[in-house]
Amino acid sequence: MSEALTLERLRSLTPLNVLSEQQWRELRRQLVPQPVLAGQSLFRRGDRARLTYYLLSGELLLEDAAGTRQRLVAGAEASCHPLSPGLPRLQDALALTDASVLVLDSDALNRLVTWRLAHQDLLLELGQLQDEPEWLERLLDSPLFAKVPPANVRTMLARLQSVELPAGTEVLREGEAGDCCYFLKRGRVEVIRGAGTERQVLAELELGACFGEEALLADCPRNATVTVVEDAQVLRLARQDFVALLKAPVVNEIGLGEAARLLAAGAQWLDVRLQGEYERAHAAQALHMPLQLLRLKARLLDKARTYLCYCDSGKRSASAVFLLSQLGFSCYALREGLDALPAVQRDGLVCESGAGYLARSGGRIERSH
C-alpha cells in the first residue's frame, strides 16, 4: 500500500469504512494511488466501466450534460464518496491540478461490502444472545470465511459442539482416521508431525483457526498431531457438515481451459504431490510444495499471485486450496486431478521431469538443480 494511503484515509472513504483490515488486505493490489495530471480526463459521461473512483489529492472538475459544474477538492466531505457513482456516468471528470485517485474494481468492492454487512447483522444477532461476538468476529475475519455465505455460517454455528481441553491433551493424533474438524475458540494448540528425534512443530494456531480438515478433504488419515499447549476450548464440526457448509463454497475447482486463462494472467501451477511424483513428471514451471509441508512453507508463497493446485486424484489439491484460503491466498484446484484428464491432455500438462522450481523468501522463485 502506498505511504500516502494511510489506514486513517481508508477509514474516511465510504463504503470502504465498513470493511475490516483483512478485507482491505484482500484489495491490497488495488490500494495504490494513481496519478492524474492537470488537464487530464479521468472519465467521461456515458462511461460504463465498472470502476469506483475516489479523489485522494488535488482538485477535479465534474460537469454534467446540462453544464452544471462541481469543483471537488481532496479532503472535503464530498471527496470521501465515490465520484459519479452511477452507470453510465452522468458527468465528465477533469483534473484541474495534478491529482491522485484511488481506482477500485466495483464488483470486488460490492462483494466485500455486502459480505461485511451481512456478517455484521449476524454478529449483532449473536451479540444479543451473548454468544461472545468478539471471538466470532475474529473467526469471520479469516480469509477462509470471505467465501462462505452468511446462511452457511449460521447453520455451522448451530451445529458446532463445544469441547473443553486441558493442557497436554492430544486433540488429533497423526495416523488416526478423521471424522470431524475443529475451530480454536480459546487457548493455544500446536501442530506437530513425527515423534522422537523426527518430531517437528509445524505451527501454533491462532484463535478462530480451523484444523483437522485435511483428513476430511483428502479422505485419508490425520497427517499431523494437534496438542493443547494451554487450556483450550475447541468447537467440533462433523464431517458431513464440514463438506456441505465449508468445503463447497471455499474449494474452487477449474478445468484446463480456465487454468490456461489464469496462467496467461500470471498464475502459477502448484504441484502438491510427493517429491518422487513431481520429479517423474510435472507441469511446465510448476512450483513444488507437497501437501504435508504446505502449512510450514506457505509463508514462502507470494500472496499477490494466484496458484493453481494439482495432484493425481484432486483430493490433495482440494486440501491445499482449503489451507491456502485460510491463509489469504488466491488459489484453485484442478477439477478431479490429473487422473480425470484424457491421456493426451495429461501428457501435455505434465511434460517435464526432474528437479523444478523452489519458493524462496518473499515469494521469489528459483530453478532447482
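Just so you know, all these numbers are worked out from the coordinates, no wet-lab data involved. All values reported here derive from a predicted model rather than from experimental measurement. Note: ideal-geometry Cβ built from the backbone for every residue, glycine included; neighbour counts use all protein chains shown.
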Q) In the range 252-367, what percentage of the DSSP-assigned beta bridges are antiparallel, given to the nearest 5? A) 30 percent
Q.
Give me the net charge for the shell around Val36: Cβ to Cβ below 11 angstrom, other residues only, Lys and Arg +1, Asp and Glu -1.
A. -2
Q. Hey, rough spin-label estimate for Leu123 and Asn252, points 7 angstrom out along Cα→Cβ, what's it come to in nanometres?
A. 2.4 nm
Q.
Which residue fluctuates most in the GNM of the chain (Cα springs below 10 Å): Leu202, Leu235, Leu42?
A. Leu42
Q. Once Rh for the range 7-108 is found with the Kirkwood sum over Cα pairs, what is the Stokes-Einstein diffusion coefficient at 10 °C and 1.306 mPa s, in µm²/s?
A. 114 µm²/s
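With +1 on each Lys and Arg Cβ and -1 on each Asp and Glu Cβ, and nothing else charged, work out how big the dipole of the range 7-108 is about its Cα centre, in Debye to the nearest 20.
For the range 7-108, the charge dipole is close to 140 debye.
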Q) If you stretched the chain out fully between Gln161 and Ala66, how much longer would it get, using 0.36 nm times the residue separation minus the C-alpha to C-alpha distance? A) 27.9 nm
(Q) Which three extents, in angstrom, do the Cα atoms of the range 40-172 have along their principal axes, listed largest first? (A) 70, 29, 27
Q.
Give the lysines whose C-alpha is closer than 20 Å to that of Lys297, dropping any in the same chain fewer than 8 places away, or say none.
A. Lys315
(Q) Can you compute the charge dipole magnitude of the range 73-217 about its Cα centre, using +1 on each Lys and Arg Cβ and -1 on each Asp and Glu Cβ, nothing else charged? Give it in debye, rounded to the nearest 20. (A) 160 debye
Q) Dipole magnitude of the chain about its Cα centre, charges +1 at Lys/Arg Cβ and -1 at Asp/Glu Cβ only, in debye to the nearest 20? A) 660 debye
Q | Average projection area in nm² (convex hull over Cα atoms of the range 162-286, one quarter of hull surface) | A | 9.9 nm²
Q: Read phi for every residue in the range 17-24 and hand back ³J(HN,Hα) as whole Hz from Karplus 6.51 cos²θ - 1.76 cosθ + 1.60, θ = phi - 60°, with x for Gly and Pro.
A: 5, 8, 7, 7, 5, 4, 5, 4
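Tell me the Kirkwood hydrodynamic radius of the chain in angstroms, computed as one over the mean inverse distance between distinct C-alpha pairs.
23.1 Å
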